[in-house]
1. For region 11-26: of the residues being touching a residue at least 40 places away in the same chain (Cβ under 8 Å) and hydrophobic (A, V, I, L, M, F, W, C), which is farthest from Thr67 (Cα to Cα)?
2. Residues that are at pLDDT 90 or above: which helices (runs of 4 or more DSSP H) entirely in the chain hold 3 or more of them?
Amino acid sequence: MKMKLELVPVPVKDIDRSMAFYTEKLGFALDVDVSPSPGVRVVQLTPPGSACSIVISTGLDELSEMTPGSIKGLHLVVNAISPRLGRSCSAAASQWAIYLRSAAA
């Protein structure tokens with residue numbers, strides 16, 4: 001049996017600010033931004049080249065109960081870090097561990 005991890009919930013305080021950070025600073029693709037009912041919003045973002053996405057949301061019981069900033073040690077692996085990405089990575093360091101993969105890997 002083959003399994004894949006495809007979606008990781010990341011609790012945030014401000015969806016719009018977080019969505020801007022992930023898309024504009026880290027280059028994640030905005031896959032979904034829907035409000036299926038009043039008070040509910042779901043945003044799915046995917047890092048370039050990744051098969052796994054993150055979801056940020058409001059109004060979903062289990063996800064809304066998660067404390068923003070409570071997830072630690074998520075690994076974002078990149079082949080190169082540009083100066084712009086390096087500055088952005090510093091801002092994300094509390095939640096993400098950013099790893100530079102060597103060219104030989």
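The values are calculated or read from the model by the stated rules, or taken from the named source; none is laboratory data. Source: prediction; values computed, not measured. Cβ: placed from backbone, ideal geometry, glycine included. Neighbour counts: every protein chain shown.
1. Leu26
2. Passing ranges, in order: 15-20.
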